[in-house]
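What follows is a single structure, written as structure tokens, with notes after it.
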Amino acid sequence: MHVSVVYALAHEQFIEDLDVAEGTTAEEAVRTSGLMEKCPEIDLAVHQLGIYAKLIKGTQELREGDRVEIYRSLPRKPRNAHAADDKKERIRAKKARVEAGN
């Protein structure tokens with residue numbers, strides 16, 4: 001059965017296509033892919049797994065054509081990052097208005 005295992009960094013992507021036996025789990029596919037050797041920061045106790053953007057457990061058995069995705073943690077949630085950046089911009093704009101008024 002044909003499956004893929006993918007892991008994406010900010011500027012690099014790893015995709016490994018595998019032929020595995022029926023009944024292979026997502027965790028077994030990740031270990032077989034060799035990505036844990038290429039990217040030693042991958043820790044299956046910490047990183048979550050998914051199939052086509054849907055979270056799964058490592059024990060889930062794979063089906064033909066599945067793409068197992070290894071999700072890395074983000075330094076901060078995108079929504080929170082945008083909110084923080086917007087707040088900083090509002091503060092800068094207010095300072096500029098105050099300084100322009102003096």
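The values are calculated or read from the model by the stated rules, or taken from the named source; none is laboratory data. Quick caveat, the model's predicted, so the values are computed rather than measured. All Cβ positions, even for glycine, are placed from backbone atoms using ideal geometry, and neighbour counts span all protein chains on display.
The test for being over 22 Å from Ser73 (Cβ atoms) and free of Cβ contacts under 8 Å to residues at least 40 places away in the same chain holds for Thr32.
Within the span defined as the range 71-81, every residue fails to be surrounded by 10 or more Cβ atoms within 10 Å (Cβ to Cβ), in contact with a strand residue (DSSP E or B) (Cβ under 9 Å, 6 or more places away or on another chain) and modelled with pLDDT of 95 or more.
Step by step: first the residues of the range 1-28, then only those that are part of a loop (DSSP other than H, G, I, E, B) and touching a residue at least 12 places away in the same chain (Cβ under 8 Å), then the one that is nearest to the chain's Cα centre (by Cα). Which residue is that?
Out of the qualifying residues, it is Leu9.
Being of a type in the set (Asp, Glu) and more than 14 Å from the chain's Cα centre (by Cα) is the filter here, so list the residues in the range 29-61 that pass it. Result: Glu37, Glu61.
Residues are listed down the side, and each one gets a yes or a no for (1) out of contact with any Pro (no Cβ under 7 Å at 6 or more places or on another chain); (2) surrounded by 10 or more Cβ atoms within 10 Å (Cβ to Cβ); (3) at positive phi:
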position: His2; (1), (2), (3): yes, yes, no
position: Glu12; (1), (2), (3): yes, no, no
position: Glu16; (1), (2), (3): yes, yes, no
position: Gly23; (1), (2), (3): yes, no, yes
position: Thr32; (1), (2), (3): yes, yes, no
position: Glu69; (1), (2), (3): yes, yes, no
position: Ala84; (1), (2), (3): yes, yes, no
position: Lys95; (1), (2), (3): yes, yes, no
position: Gly101; (1), (2), (3): yes, no, no
